[in-house]
Each structure stands twice: as structure tokens, then as C-alpha cells.
Amino acid sequence: MSLPQPDEKVQVSYVWIDGTGEALRYKTKTVNFEPSHPEELPQWSFDGSSTGQAQGQNSDRYLQPVAMFRDPFKLGKNKLVLCEVYDQDMQPAESNRRKSCMDAMIPVMHHEPWFGMEQEYTLLDVDGQPFGWPKRGFPGPQGPYYCGVGADRVFGRDIEEAHYRACLYAGIDISGTNAEVMPSQWEYQVGPSVGVDLGDHMWMARFLLDRVAEDFGAVVSLHPKPVSGDWNGAGAHINFSTKEMRGEGGLKFITEACEKLAARHKHHIGKYGKNNELRLTGLHETSSMDRFSFGVADRSASVRIPRAVQDAGKGYLEDRRPGSNCDPYAVIEALVRTCLLDEVD
């Protein structure tokens, strides 16, 4: 990697969401210029039959660059581009939820929707065991691990720190990170980002995390309940606000949004990730999947209104229902359609 790179050659890695709707793939091509916008880059095809996105007899699928970032691995002029996937008729693939999200976002941009996401994840060894856990037992019960310090409390900090730095270099809207309640579990936060940018930055941050962990021989799990028993699950809490919520008297608009969310609880649960029922049990700082609730400073509610928001009378709400493996595009689209477009079931 220390070999010189010709000035007129730039490596561009095309990143996309595969047919699972959760995993990422990428491949790299050479271009003879340094792109400044994703629109300058050509479409590229791939074998969709190998990613669960096509049949073998009609396998070509197309990558359309939509967001570009600096490459923290190859450095220099090299780029990472997030891509939407389209089929042979140039229709969005089933896993391409960005297109629908953008369609919902365009008519509400005058509300200036801001989003932030708190992405929890669990580091695993290649054998599937949580990183740093005893091979024939369990660590001590939860308590000392959240925001902990020390080799007996924190596992995988070098991976977390490398990921944080990679995100900053790439241009991701990463705003923080911390060790979580279950040992070997971490969280990073992306945002505030405007509109569909939240999805772009979160998906690329997930790609960077997988890529960093690969160098350390670790596996990243986004399963909402990676270890059964008396251990916290993993979520992706979403913070949401509009200019009306952030303005004077904004608490009124926040409360109205919560009432709209209550009416479409089942719809949102269907958009918030697979296997989330294993996490939303009413225990371990979660609400029950079967009912909607909201409250001030209540971490057992479906939606939490922070104490500081109530005190100021304006701010944002935190939807605590999304699971860690949710598609950010699907989550923010659902929020916009319910709270701003007033869609009903």
C-alpha cells in the first residue's frame, strides 16, 4: 500500500446493499480523473445472482452512484461511492429503499427534517462468540461495562477507535461513540443529518465498520438480540425533529407527532428491522412490542422525549423502537410519511 499511485489513476469503490437488505458488498474500478460528485461516475453492472438480487438467466444489475466519500483505506484521491441498485428495466431493486425514501422526503424538505441515529452493534470472534468473552462461560453481569474503562470491562476498543477515525476521514456525519451495556457491545451516533443524508451516512458508516473489523479478524453483528438471556439487545434509536419542533413552542409539534406514531405503531414495527421482537420485550431498557407509549425521560417507552426538551419546550423526539439491523432509509421514510405526510393505514 506504500507504492506510489499514478497521478492520473484513481480507485473508486462502489458499495451497495445486497439482497438481504442488511449486508453490504463492494468492488473497485479505476477511473482516470478525481471525481468531485457521484454524478460524474458511470453506472456499473454486477452479477445479481451472486448477491440474492437476480436469477442466473437474467443476472445483470446496475449500480448508480448516489453519495461519495473519501477512502480511509486507500487514501489520496481514492473514493468510496454508495450506490443504488436497479434491475434490467432500471426499476429499483427490492433492497433499494433509498429511492422510495427520497420520493417521500422531497415534498417535506420545507420542514427541514433532521435525523440522528444511535447504532448499537456487537463484536464477535470468528467462531460467533462475543469478542473477549470467556470461551466456556460468561463475563460478569451487566453493570460495569457501559462507558467502561479497563481490560476487564471493555473489549474491542481498538476496533471502535479505528472506525471512528475512518468515519471522520471519510466525511461521515459521525457525532460520537461509547461502550454499551453488554460487554463487547458498542454504539456510534450519526447525525444530525438532513433528509436522506442520514441513510447515506449510516450505510457507509456500517461499511467502514465491517471493513475495519475485517482487519482485526472480528465480525460485526447487527442482530437485535445477539445473546439470549439477561443481556441487553441492540437497537438503533432514531432522533427526529423538524424546524417547527426546534422552534419556540415546538413541544406541541413533538406531542402531535407522538400521537400520529401511536396510530401507526404496527406499521412502524414492520419497518424497524427483523427479529426485533426478541429485543422489544419491555425489559432491558425497551418498550413492549405490543403497545405504543411515549414519555419524558422514559427509556422504557416507545418514544422518549428528553428531559431537556421538555424544559426548553422545543427540540426533538427519540424513537427507541428500531432494531440495530434496521434499514435507515425505511425508518426515516416511515417517520416522514406518518408525521409529515399524514399517511394512515
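Summing Cβ point charges (Lys, Arg +1; Asp, Glu -1) relative to the Cα centre of segment 120-211 gives a dipole of roughly 260 debye. Of the trypsin sites (Lys or Arg not before Pro) in segment 83-170, the ones in a loop by DSSP (not H, G, I, E or B) with at most 10 other beta carbons within 10 Å are Lys135, Arg136. Classify segment 262-303 as rounded, prolate or oblate, taking a ≥ b ≥ c as the square roots of the eigenvalues of its Cα gyration tensor: rounded when a/c is under 1.5, otherwise prolate if a/b is larger than b/c and oblate if not. Oblate, because a/c is 1.5 or more while a/b does not exceed b/c. Dipole magnitude for the chain: about 440 debye, using +1 per Lys or Arg Cβ and -1 per Asp or Glu Cβ, origin at the Cα centre. Given their separation in residues at 0.36 nm each and the Cα-Cα distance between them, His37 and Val344 gain 106.8 nm when the chain is fully extended. At a probe radius of 1.4 angstrom, the accessible area of segment 1-153 per residue rounds to 54 square angstrom. The Cα atoms of segment 7-110 give a gyration tensor whose axes a ≥ b ≥ c have a/c of 1.5 or more with a/b no greater than b/c, which makes the shape oblate. Using C-alpha pairs under 8 Å with a sequence gap of at least 6, the mean separation divided by the residue count of segment 169-301 gives a relative contact order of 15 percent.
Derived scalar couplings between HN and Hα for segment 209-219 equal 5, 4, 5, 5, 4, 4, 5, 9, x, 10, 10 Hz in order, rounded to whole Hz, by the Karplus curve 6.51 cos²θ - 1.76 cosθ + 1.60 (θ = phi - 60°), x for Gly and Pro. Decide, for the chain, between rounded, prolate and oblate: order the square roots of the alpha carbon gyration tensor eigenvalues as a ≥ b ≥ c, take rounded if a/c falls under 1.5, and otherwise choose prolate if a/b is larger than b/c, else oblate. In terms of gyration-tensor shape, oblate. Pairs exceeding 19 Å between alpha-carbon atoms, taken from Lys225/Lys274; Lys27/Lys274; Lys27/Lys77: Lys27/Lys274. Taking the chain as a Gaussian network of alpha-carbon nodes connected by springs under 10 Å, the highest mean-square fluctuation of the residues Met109, Met245, Met117 belongs to Met109.
Taking all Cα pairs closer than 8 Å and separated by 6 or more residues, the relative contact order of segment 10-94 comes to 31 percent. Of the GluC sites (Glu not before Pro) found in segment 288-345, the ones in coil according to DSSP and having at most 14 other Cβ atoms within 10 Å of their Cβ are Glu343. Taking only protein heavy atoms and a 1.4 Å probe, the accessible area of the chain is 50% carbon and sulfur.
Across segment 104-341, C-alpha contacts under 8 Å between residues 6 or more apart give a mean separation that, scaled by the residue count, equals a relative contact order of 24 percent.
Only Lys, Arg, Asp and Glu carry charge here, each on its Cβ (+1 for the first two, -1 for the last two); on that basis segment 10-94 has a dipole of about 480 debye about its Cα centre. When the Cα positions of Gly195, Ala213, Phe292 are compared along the charge dipole of the chain, Phe292 comes out farthest toward the positive end, with charges on each C-beta of Lys, Arg, Asp and Glu. Where only DSSP H runs of four or more residues are counted, the chain gives -7500 deg cm²/dmol as its mean residue ellipticity at 222 nm, each run worth -39500 (n - 2.57).
When you filter the chymotrypsin sites (Phe, Trp or Tyr not before Pro) in segment 201-290 for DSSP loop state and at most 14 other Cβ atoms inside 10 Å of their Cβ, you are left with Phe216.
Between segment 49-68 and segment 250-285, the alpha-carbon centres lie 33 Å apart.
The values are calculated or read from the model by the stated rules, or taken from the named source; none is laboratory data. In this text the structure is predicted, and so the values were computed from the model without any measurement. Cβ: placed from backbone, ideal geometry, glycine included. Neighbour counts: every protein chain shown. What goes into the accessible areas is simple: the full protein's heavy atoms, side chains included, and nothing from ligands, DNA or RNA. Shrake-Rupley method; radii C 1.70, N 1.55, O 1.52, S 1.80 Å.
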